[in-house]
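Asker: Here it is, the structure, as C-alpha cells.
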Amino acid sequence: MIPSLPRPAIQRYGLAAFVGAFFVFLFVPLLVVAVFAFNNADYPTPPWMGFTLDWFFADSDSRTGLLHDAELLKAIGVSAWVALWVTLLSVVVGTCNAFLLERFEFPGKSAVALLSMVPLVIPGVILGISILAFASRIANFADATWGLELEFLRPGLPLVILGQFSYIVTIATLTISASLRRFDRTLEEAAFNLGASRAAVLWTITLPYLRPSMIGAAAMAFLMSFENFNTTLMLVGSDAPLTVLMYGRMREGATPVLNAVSLFLMVASALLAVLLMWRSARAPRPKAA
C-alpha cells in the first residue's frame, strides 16, 4: 500500500496485464466499428474486402452513404433536437435543485434529496413504461371527461424529452451541487455588505463560479440524451431518434452505413471532450491572496 516500497514482479506484471486487458476490451470494439465503416462490402463485419468511402458519400441504387441517407440525417436531427431541450431543462432545473438542497433547510429535506436520486437506480425500460402509462392515463381521462386531446402526453418527442429529463436532471443536480458545496459564501456576504442586490450577487458572483460545472453538466446531459435508447424506445412516436432507428435497421439487416454513423458519433463525442478540456485548461484560476 506504500508506493515507495518495492513490489513483487508478479504484482507489477499482473497490474500491467490487467490495465492492458481493460483498455483492449474498451477500445478494440470501437476500433473495429470505425475500421469497417470503410469496408467495401455490403455487411458491417469481417472479412475485409477493401477500402471505400461509399458508406459516407455513395448515392446509388445499391448503396446509400450517410450524407445521402435522408432517414438517418433526419434521425440525427431529431436526436439533436431532443438532446438540446433535455440539456436546457436539466441544467436549469438542476441548478435550481442544487440551490434548494445546498442553501435551504426545510422539513423532509433528506427525504427529498433521497427521492431525487431514485431515477438513477430505476432501469430505463421501467422508467419509460411508467411514464408512458401515467401520461396515457392523464390523456385518456382528459379526453373522456372534457374532450381535450393532449397530444403531448401521447408517444412522441415531448414525452421522449420528459422521459430523458426525468433522470438526466438528477445527474445535472449532483454535478452542480458538488460545485456549489465548495463555494466560499463569504464572497457573497462581502458583496451584500457593499450594497449588491441578491440578483446582482447571483449573476456576477455565484453563477460565474458555477459556470464550469454547468457547462460540464450540459455536455454530459447532451451526450446521455443523444445516446439514450431504453427510455426513448418506450416513449417514441413517429419521429424516431437515431438510436431507435439504428436498432430497427440492425434487426432488418445492417450495412456499414451504421458503422459510418457510429464513427461520426465517436468523432463528435471526442471533439466535444477535447473542446471541454481545452476550455478548462484556458479558464482563469484563482490567485492566492
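The values are calculated or read from the model by the stated rules, or taken from the named source; none is laboratory data. Bear in mind the structure is a predicted one, so any value in this text is a computation, not a measurement. Note that each Cβ is placed from the backbone with ideal geometry, even for glycine, and that neighbours are counted across all protein chains shown. Surface areas here come from the heavy atoms of the whole protein model, side chains and all, with no ligands, DNA or RNA. Shrake-Rupley method; radii C 1.70, N 1.55, O 1.52, S 1.80 Å.
Asker: Return yes or no: is GLU102 among the charged types (D, E, K, R), out of contact with any strand residue (DSSP E or B) (no Cβ under 6 Å at 6 or more places or on another chain) and outside any loop (DSSP other than H, G, I, E, B)?
Answerer: On the way: among the charged types (D, E, K, R): yes; out of contact with any strand residue (DSSP E or B) (no Cβ under 6 Å at 6 or more places or on another chain): yes; outside any loop (DSSP other than H, G, I, E, B): yes.
Yes.
Asker: What is the residue count in region 107-121 for residues that are in a loop (DSSP other than H, G, I, E, B), open to solvent by 60 Å² or more (accessible area, probe 1.4 Å) and modelled with pLDDT under 90? Walk me through how you get there before you give the answer.
Answerer: Here is the first cut: in region 107-121, the ones in a loop (DSSP other than H, G, I, E, B) are 107-108, 117.
Then keep just the ones that are open to solvent by 60 Å² or more (accessible area, probe 1.4 Å); that gives 107.
With the extra rule that they be modelled with pLDDT under 90, the set shrinks to none.
So the answer is 0.
Asker: Okay, next question. Here are some conditions: (1) farther than 30 Å from THR170 by Cα; (2) out of contact with any Asp or Glu (no Cβ under 9 Å at 6 or more places or on another chain); (3) buried (at least 18 other Cβ atoms within 10 Å of the Cβ). ALA70 meets all but one. Which one does it not meet?
Answerer: Going through (1) farther than 30 Å from THR170 by Cα; (2) out of contact with any Asp or Glu (no Cβ under 9 Å at 6 or more places or on another chain); (3) buried (at least 18 other Cβ atoms within 10 Å of the Cβ) one by one, ALA70 breaks only (3).
Asker: Listed residues ILE176, ILE215; which is in a helix (DSSP H, G or I), in contact (Cβ under 8 Å) with a residue 24 or more places away in the chain and more than 28 Å from ILE76 (Cα to Cα)? Give the steps one after another, and end with the answer.
Answerer: Details: ILE215 fails: more than 28 Å from ILE76 (Cα to Cα).
Step by step, each of ILE176, ILE215 is checked, and only ILE176 is in a helix (DSSP H, G or I), in contact (Cβ under 8 Å) with a residue 24 or more places away in the chain and more than 28 Å from ILE76 (Cα to Cα).
Asker: Same structure again: Which ones in region 1-18 are at pLDDT 90 or above and open to solvent by 70 Å² or more (accessible area, probe 1.4 Å)?
Answerer: If the condition is that a residue be at pLDDT 90 or above and open to solvent by 70 Å² or more (accessible area, probe 1.4 Å), then PHE18 is the only one that fits.
Asker: Let me ask you something else. Among the candidates ASP54, ASP69, single out the residue that is among the acidic types (Asp, Glu) and farther than 16 Å from LEU242 by Cβ.
Answerer: Details: ASP69 fails: farther than 16 Å from LEU242 by Cβ.
Testing whether each residue is among the acidic types (Asp, Glu) and farther than 16 Å from LEU242 by Cβ leaves just ASP54.
Asker: May I ask you to list the residues in region 138-154 that are among the hydrophobic types (A, V, I, L, M, F, W, C), in a loop (DSSP other than H, G, I, E, B) and open to solvent by less than 60 Å² (accessible area, probe 1.4 Å)? Full working, then the answer.
Answerer: Step one: list which residues in region 138-154 are among the hydrophobic types (A, V, I, L, M, F, W, C), which gives 138-139, 141-142, 144, 146, 148, 150, 152-153.
Narrowing further to those that are in a loop (DSSP other than H, G, I, E, B): 148, 150.
The answer is LEU150, and nothing else.
Asker: For residues that are small (Gly, Ala, Ser) and modelled with pLDDT of 90 or more, scanning just region 249-270, find the one that is nearest to GLN164 (Cα to Cα).
Answerer: Keep residues of region 249-270 that are small (Gly, Ala, Ser), which gives 253-254, 260, 262, 268-270.
Then drop every residue that is not modelled with pLDDT of 90 or more, which leaves 260, 262.
Working: ALA260: 26, SER262: 21 Å.
Per the stated criteria, the residue is SER262.
Asker: Sticking with this structure for a sec: Answer with yes or no whether SER130 is out of contact with any helix residue (DSSP H, G or I) (no Cβ under 8 Å at 6 or more places or on another chain), open to solvent by less than 70 Å² (accessible area, probe 1.4 Å) and over 25 Å from LEU207 (Cβ atoms). Please lay out each step first, then the result.
Answerer: Numbers: out of contact with any helix residue (DSSP H, G or I) (no Cβ under 8 Å at 6 or more places or on another chain): yes; open to solvent by less than 70 Å² (accessible area, probe 1.4 Å): yes; over 25 Å from LEU207 (Cβ atoms): yes.
It is true that SER130 is out of contact with any helix residue (DSSP H, G or I) (no Cβ under 8 Å at 6 or more places or on another chain), open to solvent by less than 70 Å² (accessible area, probe 1.4 Å) and over 25 Å from LEU207 (Cβ atoms).
Asker: Just give me the residues in region 19-56 being exposed (fewer than 14 other Cβ atoms within 10 Å of the Cβ), touching a residue at least 12 places away in the same chain (Cβ under 8 Å), more than 26 Å from the chain's Cα centre (by Cα) and not in a loop (DSSP other than H, G, I, E, B), in sequence order.
Answerer: PHE51
Asker: Which of the residues spanning region 240-267 are assigned to a helix (DSSP H, G or I), without any contact (Cβ under 8 Å) to a residue 12 or more places away in the chain and closer than 21 Å to ALA41 by Cβ?
Answerer: Kept after step one, since they are assigned to a helix (DSSP H, G or I), are these residues of region 240-267: 242-252, 257-267.
From what's left, without any contact (Cβ under 8 Å) to a residue 12 or more places away in the chain: 248-252, 267.
Result: ARG249, MET250, ARG251, GLU252.
Asker: Separate question: Scanning for something small (Gly, Ala, Ser) and either out of contact with any helix residue (DSSP H, G or I) (no Cβ under 9 Å at 6 or more places or on another chain) or open to solvent by less than 30 Å² (accessible area, probe 1.4 Å) (or both), does region 206-215 turn up at least one residue? Let's see the steps before the verdict.
Answerer: To start, the set of residues in region 206-215 that are small (Gly, Ala, Ser) comprises 213.
Add one more test, that the residue is either out of contact with any helix residue (DSSP H, G or I) (no Cβ under 9 Å at 6 or more places or on another chain) or open to solvent by less than 30 Å² (accessible area, probe 1.4 Å) (or both), and what stays is 213.
Yes, the conditions are met somewhere in region 206-215.
Asker: Is it the case, given these coordinates, that ALA218 is open to solvent by less than 30 Å² (accessible area, probe 1.4 Å) and modelled with pLDDT under 90? Break it down into steps so the answer makes sense when it comes.
Answerer: On the way: open to solvent by less than 30 Å² (accessible area, probe 1.4 Å): yes; modelled with pLDDT under 90: no.
Here the answer is no, as ALA218 does not meet what is asked.
Asker: With respect to LEU187, determine if the residue is free of Cβ contacts under 8 Å to residues at least 60 places away in the same chain, part of a helix (DSSP H, G or I), farther than 26 Å from SER116 by Cβ and open to solvent by 30 Å² or more (accessible area, probe 1.4 Å).
Answerer: yes
Asker: Would you be able to say whether some residue in region 221-239 is outside any helix (DSSP H, G or I), in contact (Cβ under 8 Å) with a residue 24 or more places away in the chain, out of contact with any strand residue (DSSP E or B) (no Cβ under 6 Å at 6 or more places or on another chain) and among the polar types (S, T, N, Q)?
Answerer: Checked against the condition, which is being outside any helix (DSSP H, G or I), in contact (Cβ under 8 Å) with a residue 24 or more places away in the chain, out of contact with any strand residue (DSSP E or B) (no Cβ under 6 Å at 6 or more places or on another chain) and among the polar types (S, T, N, Q), region 221-239 yields at least one hit.
Asker: Follow-up. Within region 122-146, restricting attention to residues that are modelled with pLDDT of 90 or more and of a type in the set (Gly, Ala, Ser), which residue is nearest to the chain's Cα centre (by Cα)?
Answerer: GLY128
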